[in-house]
Amino acid sequence: MRHIGFTRGTIAFVLFFLISEVTAVGQADYPFRNTQLSDDARIADLLGRLTLDEKVELMDGHPKVPRLHLVLSDEAEGLHGLALGGPGQWGPRGLQPLPTTIFPQEKGLGETWDASLMEKIGALEGEEARYYYQNPIFDFGGIVVRAPNTDLSRDPRWGRTEESMGEDPYLVGTMSVAFIQGLQGPDPRHMKAAALMKHFLANENENGRSYTSSDFDERLFREYYSVPFRMGFEQGGSRAAMAAYNSWNGTPMMIHPVLKDVMVKQWGNDGIICTDGGALGLLITDHKTFPDKEHGAAAAVKAGINRFLDEYKPDLKKALKDGLVSEADMDASLRNLLRLHLHLGELDPPGADPYEKIGRDTQGDLPPWDRASSSELVRQATDESIVLLKNEGNTLPLDRKKLRTIAVIGPWINEVLLDWYSGTPPYSVSILQGIQEAAKDVKVLYSDGSNVAEARALARKADAVVVVVGNHPTCNGGWDQCPVPSNGKEDVDRKAIVLEQEELVKQIFAANPRTIEVLRSSFPYAIVWSQEHLPAIVHMTHGSEEEGHGLADVLFGDYSPAGRLNQTWPTGDAQLLPMMDYNIRHGRTYMYSKVKPLYAFGYGLSYTSFAYEGLSLSAPSTIADGEVKVSVKVKNTGSRASDEVAQMYIQHLGSAVDRPQLELKGFARIHLTPGAEKVVVFTLKPRDLAYWDAVSQTWRVEKEQIRVLAGGSSDSLPVQAVLLIENTAQFQP
């Protein structure tokens with residue numbers, strides 16, 4: 001176990017200074033700090049006091065206006081834990097990385113299919129963001145957190161698949177909403193931290209992302225690519241988003257009219273819209289949209305951008321001087337930025353923000369990342385994220401009492417690998433360490449697999465073999481270098497989805513047929529040979545500080561796996577469409593694909609069995625503006641207690657337009673003891689089944705029959721019923 005710690009007895013000596021400073025701010029007595037005024041009045045007062053240069057300054061990260069005692073938060077990364085260290089070196093420059101609680105990659109969190117868990121993860125991350133930002137010792141990071149990633153993983157070759165919670169918009173949207181609500185907290189007026197969703201929109205190829213265009217029609221924009229963002233704003237309450245590098249239908253996203261016309265006016269994002277890193281320069285050099293950054297900065301502000309993540313100040317000041325953008329344009333964008341910081345309490349006097357004591361009033365308490373409850377939450381998330389792909393003859397779980405020797409073979413088995421957006425965990429438990437701790441009376445042999453002959457010899461000595469294969473999340477190389485074809489990361493798409501390390505698996509299996517494959521990966525892999533020959537396969541993602549404990553929990557039966565795939569796993573490259581084909585109707589995802597995959601969306605096995613015993617509707621029909629309750633009885637018919645992920649899908653039986661062949665519209669992770677049963681109730685609204693009518697610019701509900709199906713996977717839906725929608729209707733966005 002690797003541990004990073006800080007002493008906690010040194011906070012008090014600077015606390016007096018901090019309190020004095022905050023009190024001085026409160027005593028400034030400007031109207032913009034008067035919480036009795038409306039938000040608009042407070043923001044108008046502050047804008048009226050700012051000079052034009054100060055307004056330009058506010059569009060930077062962590063801006064300060066000393067004469068008004070105004071300091072606004074910077075942004076911090078936080079896809080699966082706050083990142084104030086890690087491979088991306090997100091911590092203080094030249095200083096030791098700051099430890100934070102680190103969960104499995106966002107891909108793995110999506111495989112939990114557990115929205116309540118995501119809310120808890122968000123709540124802890126929001127607390128840690130506040131703790132570091134407000135603690136006088138650290139004073140680092142920010143309470144605007146760049147998370148969640150609400151992009152959809154439509155193609156497994158996408159280099160940033162590890163950052164996406166799946167290919168389905170409802171799943172990703174639901175999980176994102178829960179995370180956002182946890183991160184931002186329950187207070188109706190204040191946010192604990194602000195969730196900045198990224199990357200808007202359709203930023204789902206890495207090669208050429210700085211100049212390529214993701215092309216698809218308005219229906220796919222409304223019904224697929226933008227759905228998780230809309231849900232994040234309307235249901236989650238997020239008030240921040242990052243514009244993507246790419247274009248949509250030829251217009252770069254950071255200047256696209258949909259930022260204002262849809263995100264702000266229709267979805268209510270009256271907060272931050274920021275660029276991605278270096279995007280202003282790329283608007284000139286790569287997209288070649290404008291002759292210089294002066295024109296680009298002016299266009300960005302007019303489009304709604306109010307925070308830049310690269311150098312912009314000289315260019316924006318020149319644009320103001322030359323009349324390319326006006327102070328009124330600046331005020332329109334800054335009004336939204338200031339509204340978000342107001343809800344973070346940064347315009348309040350002392351005592352008004354319910355979260356202002358986090359990190360300041362510690363009273364000797366353990367910091368969040370050192371609490372036992374935080375480790376327990378990570379372990380729960382790791383357990384829940386693991387997907388059992390195959391278990392022939394009940395190979396798993398392993399029985400400690402019957403094992404004398406176990407071999408653990410594979411690269412990086414003694415290391416928890418971190419990705420670019422990971423922070424630095426306070427400790428980490430490797431796969432090897434987790435197995436050694438869980439099987440203390442069993443002899444554990446191990447090898448990194450680089451010497452195949454040695455690894456085969458170890459395998460022959462063992463009663464069971466755990467072979468660990470998969471990708472390295474940073475490719476173990478430079479920024480844009482991934483020498484292994486099946487590997488990828490930010491800025492590099494995968495060239496293939498066949499696992500090169502399957503050759504090692506074949507060698508180990510030949511030496512010992514009692515071989516279990518642990519695929520620790522950021523992506524789907526076409527492990528066709530493994531599926532055909534191995535008795536058991538488990539999938540997990542990288543990064544969790546409790547990685548070894550979580551895997552051991554599953555391998556030795558202390559936890560029955562119930563993770564579900566959040567992306568279709570193809571049988572090989574031949575099942576993939578061209579990377580830049582963003583029209584998913586051509587056969588992408590479980591919604592439109594006509595070929596049988598290796599593993600289906602929503603797939604995952606358990607150590608027990610479940611039966612779905614009927615699906616009933618609260619009414620056989622409903623009006624377009626109504627709703628029905630869908631009830632499904634699920635029973636644990638096996639001998640072990642376990643979670644099950646009940647999934648509800650729909651099919652349109654009479655639509656006048658092209659629709660998906662199957663759509664997820666509800667899911668619930670439940671726990672059942674042997675013999676127990678539970679009725680899972682979903683709410684289904686015809687509004688949620690509408691299609692986008694591009695001519696009338698409205699959502700249209702059709703009069704038609706809808707088949708409602710339920711089961712444990714998209715390819716196993718044993719119960720169904722038919723619902724009649726009685727009338728047509730149109731709804732405004």
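The values are calculated or read from the model by the stated rules, or taken from the named source; none is laboratory data. Model, not experiment: these values are computed from the prediction. All Cβ positions, glycine included, derive from the backbone under ideal geometry; neighbour counts span all protein chains shown. Calculation scope for accessible area: heavy atoms of the full protein, side chains included, ligands and nucleic acids excluded. Shrake-Rupley method; radii C 1.70, N 1.55, O 1.52, S 1.80 Å.
A few comments on the model shown:
- Here the condition is being in contact with a His (Cβ under 6 Å, 6 or more places away or on another chain) and closer than 16 Å to GLU234 by Cα; of MET197, MET175, MET191, it holds for MET191 alone.
- ARG239 meets the stated requirement of being touching a Leu at 6+ places or on another chain (Cβ under 6 Å), at pLDDT 95 or above and open to solvent by 30 Å² or more (accessible area, probe 1.4 Å).
- Residue within segment 610-624 that is closer than 21 Å to SER714 by Cβ and modelled with pLDDT under 95 present: yes
- Listed by position, the strands (runs of 3 or more DSSP E) contained in segment 434-534 that have at least 3 residues being within 24 Å of the chain's Cα centre (by Cα) and either free of Cβ contacts under 8 Å to residues at least 60 places away in the same chain or surrounded by 20 or more Cβ atoms within 10 Å (Cβ to Cβ) (or both) are 515-520.
- Flag if LEU283 is at negative phi and crowded, with 22+ Cβ neighbours inside 10 Å: yes
- Every residue from segment 85-106 that is among the aromatic types (Phe, Trp, Tyr) and open to solvent by less than 10 Å² (accessible area, probe 1.4 Å): PHE103
- Within segment 568-582, residues that are of a type outside the set (A, V, I, L, M) reach partners that are open to solvent by less than 40 Å² (accessible area, probe 1.4 Å) and in a helix (DSSP H, G or I) with beta carbons closer than 9 Å, at six or more positions or on different chains, in the pairs THR568/THR589; THR568/TYR590; TYR582/LEU220; TYR582/TYR225.
- Every condition in (1) buried (at least 23 other Cβ atoms within 10 Å of the Cβ); (2) at pLDDT below 95 is met by ASP310 except one, and the failing one is (1).
- Any hit, segment 414-432, residues being under 17 Å from PHE556 (Cβ atoms), at pLDDT 95 or above and open to solvent by 10 Å² or more (accessible area, probe 1.4 Å): no
- Residues that are assigned to a strand (DSSP E or B) and of a type in the set (A, V, I, L, M, F, W, C) were ranked within segment 54-84; the one that is surrounded by the fewest Cβ atoms within 10 Å (Cβ to Cβ) is VAL71.
- So LYS357, is it surrounded by fewer than 17 Cβ atoms within 10 Å (Cβ to Cβ) and closer than 25 Å to VAL518 by Cα: no
- Any chance SER639 is open to solvent by 40 Å² or more (accessible area, probe 1.4 Å), more than 26 Å from ILE386 (Cβ to Cβ) and small (Gly, Ala, Ser): no
- Looking across MET191, MET263, MET175, one residue alone is touching a helix residue (DSSP H, G or I) at 6+ places or on another chain (Cβ under 6 Å), buried (at least 22 other Cβ atoms within 10 Å of the Cβ) and part of a helix (DSSP H, G or I). It is MET175.
- Scan of segment 577-596 for residues that are open to solvent by 30 Å² or more (accessible area, probe 1.4 Å) and either part of a loop (DSSP other than H, G, I, E, B) or of a type in the set (Lys, Arg) (or both), ordered by number: LEU577, PRO578, MET579, MET580, ASP581, ASN583, ARG585, LYS594, VAL595, LYS596
- Scanning segment 116-131 turns up at least one residue that is farther than 30 Å from ASP168 by Cα, crowded, with 24+ Cβ neighbours inside 10 Å and not acidic (Asp, Glu).
- Taking the criterion of being surrounded by fewer than 19 Cβ atoms within 10 Å (Cβ to Cβ) and part of a strand (DSSP E or B), the residues of segment 693-708 that qualify are ASP693, THR698, ARG700, GLU704, GLN705, ARG707.
- Residues of segment 121-165 that are of a type in the set (Lys, Arg) and either assigned to a helix (DSSP H, G or I) or in contact with a strand residue (DSSP E or B) (Cβ under 9 Å, 6 or more places away or on another chain) (or both): ARG130, ARG146, ARG160.
- Output for segment 208-235, where each listed residue is among the small types (Gly, Ala, Ser), open to solvent by 10 Å² or more (accessible area, probe 1.4 Å) and touching a helix residue (DSSP H, G or I) at 6+ places or on another chain (Cβ under 9 Å): SER210
- When SER560 is tested against the conditions (1) under 30 Å from THR424 (Cβ atoms); (2) open to solvent by less than 40 Å² (accessible area, probe 1.4 Å); (3) assigned to a loop (DSSP other than H, G, I, E, B), the lone failure is (1).
- Taking the criterion of being surrounded by fewer than 16 Cβ atoms within 10 Å (Cβ to Cβ) and either within 35 Å of the chain's Cα centre (by Cα) or of a type in the set (A, V, I, L, M) (or both), the residues of segment 39-53 that qualify are ASP40, ALA41, LEU52.
- Residue within segment 563-578 that is in contact with a Phe, Trp or Tyr (Cβ under 8 Å, 6 or more places away or on another chain) and on the phi > 0 side of the Ramachandran plot present: no
- Some residue of segment 386-405 being assigned to a helix (DSSP H, G or I), in contact with a helix residue (DSSP H, G or I) (Cβ under 7 Å, 6 or more places away or on another chain) and surrounded by 23 or more Cβ atoms within 10 Å (Cβ to Cβ): no
- Condition met for LYS288 (outside any loop (DSSP other than H, G, I, E, B), open to solvent by 40 Å² or more (accessible area, probe 1.4 Å) and modelled with pLDDT of 95 or more): no
- For ILE273, the conditions (1) under 17 Å from GLU206 (Cα atoms); (2) in contact with a helix residue (DSSP H, G or I) (Cβ under 7 Å, 6 or more places away or on another chain); (3) of a type outside the set (Phe, Trp, Tyr); (4) touching a residue at least 60 places away in the same chain (Cβ under 8 Å) all hold with the exception of (1).
- First in segment 56-69 and farther than 15 Å from ILE143 by Cα, second anywhere and in a loop (DSSP other than H, G, I, E, B), Cβ under 6 Å, 6 or more apart: GLU57/PRO63; MET59/ASN306; MET59/PHE308; HIS69/ALA28
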